[in-house]
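Quick notes on the structure that follows.
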């Protein structure tokens, strides 16, 4: 499930509910028609009408969708610059109803993030400064653009009502989910995982302060969920994206700790362990990861056990323990073959079982005792045949082919 939020934003197929007024249904069709004809001003005008009507009817998802699309079309008229679209969306933030602000904050965070990605090299070249920076975000340094993205995600998540709003109520603003709905049951879950994508991306590693927060191998983040939830990391780096990721994982897991349906909790727990495995500093982190992910896989009865088994098996594969990795992956594949984890287990088994052979030797044999080195996997026999060749003839042939190619280029 993804927010429709890139700079080519919100031009995917529109999901319209049966309860929409006929007028807005007609207007959406007219918007599509205007887009096909390359008439951004016409589309923007109709989208403004949709926005006003949707907000008045309390259809906030539809309204925000229309607003973001309208700004995109207006930005196209003004030169199709991302800066123009972000500025326009920022100006709308104070105008929208409170119920719609978390979604608009999330879209704005994404747009700033996408702007950073498109101009990463510029931000990397700028020297960080303690001097106040103006409102022109195109001149900001790396720490400043990070703080802005963080601000909008934090503002979005600060609304406690999000945990009581079902994600399904905002389906007009979301693309078709790639994960089951019970993995992101509330609007809070959706926005929290969007924010985690930012905080765990590693995009802003170059902006780390001297006292940067680090995750160590022995920290409880690689422990079972009970130990992780009572962990209170001590750090002076309060703005650390890694620290914020830890806090978000703890909040998500605490929120779903007593759920009758374990899906949202287990999916987040697996994501937490993967984040820790990739981020922890020190030896032994893979062993700790394997120990904890194994418990998740063995205790979870749903298809998420296959997802955990894939990551368990993959960690063993990376350690060179291919036979054990294959055994674990086969279980995940066979138990839930059509699930996300089952399919990944299937691919891992195929990768492990693939036949491979590599033959190497010295480029020059100085004596008759030269050796051939043969490395193989899943092969029981290898046959060799020595063929006598004239080295001078082969050398001349190679140069002759090269010369012909050079002549053809001329």
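Numbers for the structure displayed
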| read-out | value |
| --- | --- |
| 28, 111 arranged by Cβ crowding within 10 Å, fewest neighbours leading | 28, 111 |
| Cα-Cα P(r), region 193-305, percent of pairs per 5 Å interval | 2, 12, 22, 25, 20, 11, 5, 2, 0 |
| C-alpha long axis of helix 304-318 to longest principal axis of the chain, angle in ° | 40 |
| Sorted by Cβ neighbour density within 10 Å, fewest at the top, the residues 85, 244, 37 | 37, 244, 85 |
| Equivalent ellipsoid dimensions for region 31-160 as semi-axes, Å, which come from the Cα gyration tensor, largest first | 29, 19, 10 |
| Cα gyration tensor category, rounded, prolate or oblate, for region 215-261 with a/c compared to 1.5 | oblate |
| Residue-averaged [θ]222 nm for the chain, counting only DSSP H segments that reach four residues, each worth -39500 (n - 2.57) | -18000 deg cm²/dmol |
| Kirkwood-based Rg to Rh ratio, the chain, C-alpha trace | 1.09 |
| Segments 155-168, 294-307, 116-129 sorted - mean Cβ within 10 Å per residue, highest first | 294-307, 155-168, 116-129 |
| Ranked packing of 56-68, 227-239, most packed first, by mean Cβ within 10 Å | 56-68, 227-239 |
| Equivalent ellipsoid semi-axes, region 22-80, via Cα gyration tensor eigenvalues times 5, rooted, Å | 19, 13, 7 |
| C-alpha long axis of helix 391-409 to longest principal axis of the chain, angle in ° | 30 |
| The chain: angle of helix 22-36 to the longest principal axis, Cα-based, in degrees nearest 10 | 50 |
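Readers should treat all values here as calculations from the given coordinates under stated rules, not as data from a laboratory. Just so we're clear, the structure is a prediction, and the values are computed from it rather than from any experiment. All Cβ positions, even for glycine, are placed from backbone atoms using ideal geometry, and neighbour counts span all protein chains on display.
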